[in-house]
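Worksheet: one structure, shown below.
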Protein chains: 2
Amino acid sequence: MSKVRVSFSVSIDGFGAAPQQSLENPMGVGGEVLGEWVFATRTFRRMHDKDWTFQRIDGEHGGATGIDDDLFARRFLNVGAWIFGRNMFGPVRGPWPDNSWKGAWGDSPPFRNPVFVLTHYARESIPMQGGTTFHFVTDGIDRALERAAAAADGKDVCIGGGVSTIQQYLRAGLIDELNLAICPALLGSGERFFGDIDLVKLGYRCTQHVAGERATHVVLERRAS
Amino acid sequence: MSKVRVSFSVSIDGFGAAPQQSLENPMGVGGEVLGEWVFATRTFRRMHDKDWTFQRIDGEHGGATGIDDDLFARRFLNVGAWIFGRNMFGPVRGPWPDNSWKGAWGDSPPFRNPVFVLTHYARESIPMQGGTTFHFVTDGIDRALERAAAAADGKDVCIGGGVSTIQQYLRAGLIDELNLAICPALLGSGERFFGDIDLVKLGYRCTQHVAGERATHVVLERRAS
């Protein structure tokens, strides 16, 4: 059965992003600690081999295999469509000044499927190389999920983020499963992943936990009501 | 060098206690999930062998050894004195009605050292069996720490809790090291361990993380300023 899923990284003190997000610091100033476990994996490096230069981090061309790598790869398995908040798509605010901003993932983004971007400002869809097409949805989170589910055609829909978008879908009771990586780092300030949301009241429980090499991974699932 | 330390358990969603704490539910309703990794250890069971009946949980008389057990045992190593909030000492509120309440740990509490209890209401010290004496401090957290440090005589002082007491000492910059066990469970509501405290601004960083059998353990240390 298809699911609505989230995969996200949080700090020990519960932040999903650091303050002062920008083009230079997409996860906020200091927020890159949330990505360290990802950047180290073989899957991430292969994914960005053509476009990005991460493959030479730490002198490890190939990246690490293991639990972190397996779980990062699993984030992309059986996903048929993505939903992003406007903030996750990029730093442009307000009306689109032109069509030049096409995300921060190069010409061939790793999503390989339709990506529905929540925005208040209409824009033509952008087909990218490798199967990713960015669509812009101006009529709310429910409609975005309807369109994503239709596009996913029986596969899962992944809510990519950011924190505010995930919280909106959580409050609406629309997320089946959260895969969280708890990173061994403090952020101190930024966007609180859980905010004031009572996940127990919403029906979630922790169903799996496994220690990776650079993060602890937990799965939170919602009971069928 | 002697340290001021904290050892505490938190849920994935950052709670250090569940709501509705009482005599029956000292960690709040549902809060016992924060203690599961402790209850399973050999150290905990031996500690309570005489007074309590935990040793027969799960049919394991002896309790588990391993990483959780090692780290739980380490909580008590080199500790020369403890500080407890009034709430942690017990459910009695307001002026002490009499001297009958002596904590929830039986005649021979596992602390084996002086325990300084923060309270607004003076009370005679209570010597218990096995080396624990409860002292009652009515002149604030700084004075309690002074007395505890003197009593510890070069060993560490452990702030036992609860959440509110730990937060007061954190804000005052008086804690050197936090040992947190992140439990694979959600609480949804209760006392937020980190509250609105910015641990990065206070100088803390994560210096160790290790996966135990039933919890992930992290050490947060404050840089010498």
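The values are calculated or read from the model by the stated rules, or taken from the named source; none is laboratory data. Predicted, not measured: the structure shown is a model, and the values here were computed from it. In this analysis, Cβ positions are derived from the backbone assuming ideal geometry, glycine residues included, and neighbour counts consider all displayed protein chains.
Looking only at residues in segment B:201-218 that are crowded, with 19+ Cβ neighbours inside 10 Å and aliphatic (A, V, I, L, M), which one is nearest to B:Cys183 (Cα to Cα)?
Only one residue fits best here, namely B:Ala215.
Keeping to segment A:155-179, report how many residues are away from chain B (no Cβ under 14 Å) and among the charged types (D, E, K, R).
Here the count works out to 3.
Give the number of residues within segment B:146-179 that are surrounded by 20 or more Cβ atoms within 10 Å (Cβ to Cβ) and within 18 Å of B:Phe134 (Cβ to Cβ).
9
Here is a yes/no grid of residues against (1) without any contact (Cβ under 8 Å) to a residue 12 or more places away in the chain; (2) in contact with a strand residue (DSSP E or B) (Cβ under 7 Å, 6 or more places away or on another chain); (3) aromatic (Phe, Trp, Tyr); (4) part of a helix (DSSP H, G or I):
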site	(1), (2), (3), (4)
B:Trp105	no, no, yes, no
B:Phe111	no, yes, yes, no
B:Ile159	no, yes, no, no
B:Ile175	no, yes, no, no
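Take segment B:1-18 and flag every residue that is modelled with pLDDT of 90 or more, assigned to a loop (DSSP other than H, G, I, E, B) and not basic (Lys, Arg).
As a first pass, look at segment B:1-18 and keep what is modelled with pLDDT of 90 or more: B:2-18.
Filter once more, so that each one left must be assigned to a loop (DSSP other than H, G, I, E, B): B:2-3, B:12-14, B:18.
Scanning segment B:1-18 gives B:Ser2, B:Ile12, B:Asp13, B:Gly14, B:Ala18.
Could you check segment B:119-133 and list, in sequence order, the residues that are among the hydroxyl-bearing types (Ser, Thr, Tyr), touching a residue at least 24 places away in the same chain (Cβ under 8 Å) and surrounded by 13 or more Cβ atoms within 10 Å (Cβ to Cβ)? If you could, list the steps in order and put the result at the bottom.
Of the residues in segment B:119-133, the ones among the hydroxyl-bearing types (Ser, Thr, Tyr) are B:119, B:121, B:125, B:132-133.
Imposing the further condition that a residue be touching a residue at least 24 places away in the same chain (Cβ under 8 Å) reduces the set to B:119, B:121, B:132.
Those that are among the hydroxyl-bearing types (Ser, Thr, Tyr), touching a residue at least 24 places away in the same chain (Cβ under 8 Å) and surrounded by 13 or more Cβ atoms within 10 Å (Cβ to Cβ): B:Thr119, B:Thr132.
Pull up segment B:180-200, narrow it to residues that are of a type in the set (Gly, Ala, Ser) and either part of a strand (DSSP E or B) or within 8 Å of chain A (Cβ to nearest Cβ) (or both), then point me to the one that is surrounded by the fewest Cβ atoms within 10 Å (Cβ to Cβ).
Top of the filtered list is B:Ser189.
For segment A:133-154, indicate whether the set of residues that are in a loop (DSSP other than H, G, I, E, B) and either within 17 Å of the chain's Cα centre (by Cα) or within 14 Å of another protein chain (Cβ to nearest Cβ) (or both) is non-empty. Give the derivation first.
From segment A:133-154, those in a loop (DSSP other than H, G, I, E, B) are A:138-140, A:153-154; that's our starting set.
Checking the rest, the ones that are also either within 17 Å of the chain's Cα centre (by Cα) or within 14 Å of another protein chain (Cβ to nearest Cβ) (or both) come to none.
No, segment A:133-154 has no match at all.
Working only within segment A:209-225, note down all residues that are without any contact (Cβ under 8 Å) to a residue 12 or more places away in the chain and either more than 8 Å from chain B (Cβ to nearest Cβ) or out of contact with any strand residue (DSSP E or B) (no Cβ under 6 Å at 6 or more places or on another chain) (or both). Give the derivation first.
Keep residues of segment A:209-225 that are without any contact (Cβ under 8 Å) to a residue 12 or more places away in the chain, which gives A:209, A:224.
Answer for segment A:209-225, where residues must be without any contact (Cβ under 8 Å) to a residue 12 or more places away in the chain and either more than 8 Å from chain B (Cβ to nearest Cβ) or out of contact with any strand residue (DSSP E or B) (no Cβ under 6 Å at 6 or more places or on another chain) (or both): just A:Ala224.
Which of the residues spanning segment A:1-37 are without any contact (Cβ under 8 Å) to a residue 60 or more places away in the chain and either in contact with a Leu (Cβ under 7 Å, 6 or more places away or on another chain) or closer than 21 Å to A:Glu191 by Cα (or both)? I'd like the intermediate steps shown before the answer.
Filtering segment A:1-37 for residues without any contact (Cβ under 8 Å) to a residue 60 or more places away in the chain gives A:1, A:20, A:24-25, A:27, A:29, A:32, A:35.
Scanning segment A:1-37 gives A:Gln20, A:Glu24, A:Asn25, A:Met27, A:Val29, A:Glu32, A:Gly35.
With within 25 Å of A:Phe15 (Cβ to Cβ), of a type outside the set (Gly, Ala, Ser) and either buried (at least 16 other Cβ atoms within 10 Å of the Cβ) or in contact with an Asp or Glu (Cβ under 8 Å, 6 or more places away or on another chain) (or both) as the only criterion, which of A:Phe84, A:Phe136, A:Phe116 stands out? Give the steps one after another, and end with the answer.
Working: A:Phe136 fails: within 25 Å of A:Phe15 (Cβ to Cβ); A:Phe116 fails: within 25 Å of A:Phe15 (Cβ to Cβ).
Exactly one residue qualifies, and that residue is A:Phe84.
Of the residues that make up segment A:89-99, is at least one surrounded by fewer than 16 Cβ atoms within 10 Å (Cβ to Cβ), among the polar types (S, T, N, Q) and in contact (Cβ under 8 Å) with a residue 40 or more places away in the chain?
Looking for residues that are surrounded by fewer than 16 Cβ atoms within 10 Å (Cβ to Cβ), among the polar types (S, T, N, Q) and in contact (Cβ under 8 Å) with a residue 40 or more places away in the chain, one finds none in segment A:89-99, hence no.
Please state which one of B:Gly162, B:Gly130 is at pLDDT below 95 and closer than 18 Å to B:Ser7 by Cα. So that I can check it myself, show each step before the final result.
Working: B:Gly130 fails: closer than 18 Å to B:Ser7 by Cα.
Only one candidate qualifies: B:Gly162.
Could you list, in sequence order, the residues of segment A:39-87 that are on the phi > 0 side of the Ramachandran plot and either part of a loop (DSSP other than H, G, I, E, B) or modelled with pLDDT of 95 or more (or both)?
So in segment A:39-87, the residues on the phi > 0 side of the Ramachandran plot come out as A:58-59, A:63, A:66, A:78.
A:Gly63, A:Gly66, A:Asn78, listed by residue number.
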